[in-house]
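The structure appears right after this line, and notes come after that.
The values are calculated or read from the model by the stated rules, or taken from the named source; none is laboratory data. All values reported here derive from a predicted model rather than from experimental measurement. Cβ: placed from backbone, ideal geometry, glycine included. Neighbour counts: every protein chain shown. Areas reflect the complete protein model, heavy atoms only, side chains present, ligands, DNA and RNA absent. Shrake-Rupley method; radii C 1.70, N 1.55, O 1.52, S 1.80 Å.
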Amino acid sequence: MRTMHRSGVFKKTNDRARLVIATIFGIVFGVFIGVSFPSVSLNKIHLPSSLRSTFDASISNDQDFIVRSPERTTDNLPKIYVPTNPRGAEMLPPGIVVPETDLYLRRLWGEPSEDLTKKPKYLVTFTVGFDQRNNIDKCVKKFSEDFQILLFHYDGRTTEWDQFEWSKNAIHVSVKKQTKWWYAKRFLHPDVVSAYEYIFIWDEDLGVEHFNSEKYIQLVKKHGLEISQPGLEPNNGLTWQMTKRRGDQEVHKVTEEKPGWCSDPHLPPCAAFVEIMAPVFSQEAWRCVWHMIQNDLVHGWGLDFALRRCVEPAHEKIGVVDSQWIIHQVIPSLGNQGKPEDGKAPWEGVRARCKNEWSMFQKRLASADKEYLAQLGKD
């Protein structure tokens, strides 16, 4: 019995020894295989079809992509710095940079290249209150499909405009109690409106019975006008002789004013001058004018005298289109959006700020000129 017991113990010991040796040998063999073959492509392993389908089903598409394309990771992106790119985009490859945009309406479905059956070539903006809806309706109907309509709403009422069919394809921007130059500075950046050849920035109280938009554009191009406006029919709202309509010609660029008003026949208000109620800018002229608009001066008074700085020669490229003319109805709608203070009517406070801003703009411009000339040593 004892002999048999020792024999059993000895057999178990040999079995364990063989197991340990086999394990060690397996580990050594595995290390050898790992060193000899550092990577194995799953695509090169010929598995039975039944096993391959089971294996493929066990991993996700993302995992499959990572296994098959290990050479492209976020750690090895090319180092890019292109100083000629727009500011802030220097680390992007130039081919992906889109520095400009537009106001074209796009769909939520389909191919992007098929979104637009027609691209408007011109942009028309009106700063409006709902009370003037019928007048704006008449104005908008004077513009064809070549013109994109953009309404800036200073009274906060937008949905009511859907009673007009054209309103459904217009752009609506609503911020209460703001002026058109406040809107223009914030929503008409040159890189946003670069798709449009001409930009109309108009008031809401204009009569357009004698105005044709297509003919207007033709005349602007014919006479090389970079900044223009339709002629004004003489009425109580006429301020300057330069913008007064002349019935004997298509366009005029110079005029005569009261004695002493013009130090030079090529300078405002005798030339190189349009008013701010209904200006029209070429794309290039607007790029300059936008930068000149002061962020905190919202009424634009004085801007009309400085527009000449944005085109050269100004007395040839700024003019009034006489044969396409409008009527300024002089409706003080925006003035009524003011606040009554110290017993004064709302419009009185608005008018006071207009005059103050004019003075401030003149001083800033003169100061900027002086500083620039001093830097050049020409002070």
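Of ASP191, ASP205, ASP155, which residue is touching a Gly at 6+ places or on another chain (Cβ under 6 Å) and touching a residue at least 40 places away in the same chain (Cβ under 8 Å)? Reasoning before the result, please.
Working: ASP191 fails: touching a Gly at 6+ places or on another chain (Cβ under 6 Å); ASP205 fails: touching a Gly at 6+ places or on another chain (Cβ under 6 Å).
Going through ASP191, ASP205, ASP155 in turn, just one is touching a Gly at 6+ places or on another chain (Cβ under 6 Å) and touching a residue at least 40 places away in the same chain (Cβ under 8 Å): ASP155.
Residues to consider are ARG287, ARG364, ARG353; find the one that is within 30 Å of VAL208 (Cα to Cα) and either of a type in the set (Phe, Trp, Tyr) or within 28 Å of the chain's Cα centre (by Cα) (or both). Explain how you work it out, then say what you get.
Working: ARG364 fails: within 30 Å of VAL208 (Cα to Cα); ARG353 fails: either of a type in the set (Phe, Trp, Tyr) or within 28 Å of the chain's Cα centre (by Cα) (or both).
When all the criteria are applied, what remains is ARG287.
Give the residue that is farthest from VAL330 (Cα to Cα), with candidates limited to residues of segment 360-377 that are in a helix (DSSP H, G or I), without any contact (Cβ under 8 Å) to a residue 12 or more places away in the chain and open to solvent by less than 90 Å² (accessible area, probe 1.4 Å). Working first, answer last.
Keep residues of segment 360-377 that are in a helix (DSSP H, G or I), which gives 360-375.
Cutting the leftovers down to without any contact (Cβ under 8 Å) to a residue 12 or more places away in the chain gives us 363, 366-375.
The next check asks that each one be open to solvent by less than 90 Å² (accessible area, probe 1.4 Å); those that pass are 366-369, 373-374.
Details: ALA366: 31, SER367: 34, ALA368: 34, ASP369: 34, LEU373: 40, ALA374: 43 Å.
Across segment 360-377, the extreme among qualifying residues is ALA374.
Need pairs with beta-carbon distance below 7 Å; first residue more than 13 Å from PHE281 (Cβ to Cβ) and within segment 293-312, second of a type in the set (A, V, I, L, M) and open to solvent by 60 Å² or more (accessible area, probe 1.4 Å); sequence gap 6+ or separate chains.
LEU297/MET360
Of everything in segment 199-250, what is of a type in the set (A, V, I, L, M, F, W, C), out of contact with any His (no Cβ under 6 Å at 6 or more places or on another chain) and not in a loop (DSSP other than H, G, I, E, B)? Give them in sequence order. Before the answer, list the steps.
Applying the first criterion (of a type in the set (A, V, I, L, M, F, W, C)) to segment 199-250 yields 199-202, 206, 208, 211, 217, 219-220, 225, 227, 232, 238, 240, 242.
From what is left, the residues that are out of contact with any His (no Cβ under 6 Å at 6 or more places or on another chain) are 199-202, 206, 208, 211, 217, 219-220, 225, 227, 238, 240, 242.
Selection gives ILE199, PHE200, ILE201, TRP202, LEU206, ILE217, LEU219, VAL220, ILE227, MET242.
Taking into account only those residues within segment 299-314 that are modelled with pLDDT of 95 or more and assigned to a loop (DSSP other than H, G, I, E, B), which is surrounded by the most Cβ atoms within 10 Å (Cβ to Cβ)?
VAL311
Need the failing condition index for ASP296 against (1) open to solvent by less than 20 Å² (accessible area, probe 1.4 Å); (2) in a loop (DSSP other than H, G, I, E, B), just the number.
Of the numbered conditions (1) open to solvent by less than 20 Å² (accessible area, probe 1.4 Å); (2) in a loop (DSSP other than H, G, I, E, B), the odd one out for ASP296 is (1).
How about segment 254-271: which of its residues are free of Cβ contacts under 8 Å to residues at least 40 places away in the same chain and open to solvent by less than 30 Å² (accessible area, probe 1.4 Å)?
Listed by number, the residues that qualify are THR255, PRO269, CYS270.
Report, by residue number, each residue of segment 193-213 that is more than 25 Å from the chain's Cα centre (by Cα) and of a type in the set (Asp, Glu). So that I can check it myself, show each step before the final result.
Step one: list which residues in segment 193-213 are more than 25 Å from the chain's Cα centre (by Cα), which gives 205-212.
Once the filter is applied, which keeps residues that are more than 25 Å from the chain's Cα centre (by Cα) and of a type in the set (Asp, Glu), segment 193-213 yields ASP205, GLU209.
Can you find, within segment 201-244, the residue that is surrounded by the most Cβ atoms within 10 Å (Cβ to Cβ) among those that are farther than 19 Å from SER144 by Cα and basic (Lys, Arg)?
LYS244
Test VAL82 against the stated conditions and say whether it is in a loop (DSSP other than H, G, I, E, B), without any contact (Cβ under 8 Å) to a residue 24 or more places away in the chain, of a type in the set (A, V, I, L, M) and open to solvent by 90 Å² or more (accessible area, probe 1.4 Å).
Working: in a loop (DSSP other than H, G, I, E, B): yes; without any contact (Cβ under 8 Å) to a residue 24 or more places away in the chain: yes; of a type in the set (A, V, I, L, M): yes; open to solvent by 90 Å² or more (accessible area, probe 1.4 Å): no.
It is false that VAL82 is in a loop (DSSP other than H, G, I, E, B), without any contact (Cβ under 8 Å) to a residue 24 or more places away in the chain, of a type in the set (A, V, I, L, M) and open to solvent by 90 Å² or more (accessible area, probe 1.4 Å).
What is the number of the single condition among (1) outside any loop (DSSP other than H, G, I, E, B); (2) more than 26 Å from GLY338 (Cα to Cα); (3) touching a Ser or Thr at 6+ places or on another chain (Cβ under 6 Å) that LYS138 does not meet?
With respect to (1) outside any loop (DSSP other than H, G, I, E, B); (2) more than 26 Å from GLY338 (Cα to Cα); (3) touching a Ser or Thr at 6+ places or on another chain (Cβ under 6 Å), LYS138 is out only on (3).
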